[in-house]
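Trainee: Sharing a structure below in structure tokens format, with a few things to ask.
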Amino acid sequence: MNKTFPLACFAAAVLAFAVSDAVNTGYDPSTETISRYVNLPHGWLVTVGLLAVAAGSAAVAVRAAGSGWGGWLLRFWAGCVLVAAVFPADPPGNWSSPSLSDGVHGVAAWAGFLALAIAIVRLTAVRRRESAGTSEARGLTALAWASAVAFVLFAVAFVDKAALTHTAPLGLAERVVIALNLAWLALAAASAKSPPTASGTMVRMTSDISQ
């Protein structure tokens with residue numbers, strides 16, 4: 001699978017989320033997470049965006065098949081996003097008694113975010129060893145640091161929103177971490193080397209034997 005597919009998926013996701021924020025005027029993007037917008041008239045845009053993220057992430061995971069457990073965490077993230085798309089979140093203001101769908105969505109979302117945060121650190125380290133000093137490695141490293149900090153701030157905002165002052169800009173924090181995560185995934189997709197094909201492997205083996 002070439003790099004065009006995951007890049008197109010991530011572009012579609014960004015477009016879907018941006019249009020959702022623009023046309024669904026019932027909520028405040030700084031306070032409400034993207035998934036809450038599924039309950040508004042154009043909520044289907046959120047589902048389309050999540051499905052695009054899942055498909056693009058799965059494609060990147062396939063290209064990272066030789067990266068060990070980092071690649072498996074990327075697969076797990078893609079699966080969690082798919083589950084979050086299938087089980088929509090509740091409307092805002094229902095923290096005390098969420099529905100089953102909202103509960104499944106929340107668990108999948110946080111498990112996926114955590115898995116992706118760890119996968120980004122692992123896969124960035126692998127890429128730095130393979131391509132030390134390249135612009136791609138430096139870009140992935142910068143985005144990995146930024147996304148890690150954003151994830152921590154997102155978790156802090158969630159705790160505050162759920163149990164403390166209830167004033168944290170949770171929606172803004174989520175949008176920042178998603179933007180950085182998608183930027184990392186897009187750069188990883190654009191700079192990833194295609195896994196060797198069976199014919200390519202056979203040619204190299206034949207060449208090695210003949211030497």
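Trainee: Quick check on my filter: what residues within the range 6-27 are over 13 Å from V46 (Cα atoms), surrounded by fewer than 17 Cβ atoms within 10 Å (Cβ to Cβ) and either touching a helix residue (DSSP H, G or I) at 6+ places or on another chain (Cβ under 7 Å) or of a type in the set (G, A, S) (or both)?
Mentor: Correct list: A8, A11, G26.
Trainee: So, in the range 133-181, exactly how many residues are among the basic types (K, R) and open to solvent by 70 Å² or more (accessible area, probe 1.4 Å)?
Mentor: 1
Condition check ((1) farther than 30 Å from R128 by Cβ; (2) more than 17 Å from the chain's Cα centre (by Cα); (3) assigned to a helix (DSSP H, G or I)) across all residues:
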| position | (1), (2), (3) |
| --- | --- |
| G26 | yes, yes, no |
| V38 | yes, yes, yes |
| V48 | yes, no, yes |
| A52 | no, no, yes |
| V60 | no, no, yes |
| L73 | no, no, yes |
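Trainee: Same structure, new question: Please give the number of the condition N2 fails out of (1) assigned to a helix (DSSP H, G or I); (2) open to solvent by 50 Å² or more (accessible area, probe 1.4 Å).
Mentor: The number of the failed condition is (1).
Trainee: Within the range 187-204, identify whether any single residue is surrounded by 15 or more Cβ atoms within 10 Å (Cβ to Cβ), at pLDDT below 90 and either among the basic types (K, R) or within 25 Å of S20 (Cα to Cα) (or both), and answer yes or no.
Mentor: There is no residue in the range 187-204 that is surrounded by 15 or more Cβ atoms within 10 Å (Cβ to Cβ), at pLDDT below 90 and either among the basic types (K, R) or within 25 Å of S20 (Cα to Cα) (or both).
Trainee: Would you confirm whether any residue within the range 110-118 is open to solvent by 40 Å² or more (accessible area, probe 1.4 Å), under 18 Å from A183 (Cα atoms) and at pLDDT 90 or above?
Mentor: yes
Trainee: Would you confirm whether any residue within the range 87-107 is within 25 Å of A189 (Cα to Cα) and either in a helix (DSSP H, G or I) or touching a residue at least 60 places away in the same chain (Cβ under 8 Å) (or both)?
Mentor: Taking every residue of the range 87-107 in turn, none turns out to be within 25 Å of A189 (Cα to Cα) and either in a helix (DSSP H, G or I) or touching a residue at least 60 places away in the same chain (Cβ under 8 Å) (or both).
Trainee: Within the bounds of the range 76-87, is there any residue that is β-branched (V, I, T) and either touching a Phe, Trp or Tyr at 6+ places or on another chain (Cβ under 7 Å) or open to solvent by less than 40 Å² (accessible area, probe 1.4 Å) (or both)?
Mentor: yes
Trainee: Something else about it: Identify all residues within the range 1-17 that are among the aliphatic types (A, V, I, L, M) and at pLDDT 95 or above; write none if there are none.
Mentor: Once the filter is applied, which keeps residues that are among the aliphatic types (A, V, I, L, M) and at pLDDT 95 or above, the range 1-17 yields L7, A8, A11, A12, A13, V14, L15, A16.
The values are calculated or read from the model by the stated rules, or taken from the named source; none is laboratory data. Keep in mind the model is a prediction, meaning the values are calculated, not measured. Cβ: placed from backbone, ideal geometry, glycine included. Neighbour counts: every protein chain shown. Protein only, heavy atoms only, side chains kept; ligands, DNA and RNA dropped before computing areas. Shrake-Rupley method; radii C 1.70, N 1.55, O 1.52, S 1.80 Å.
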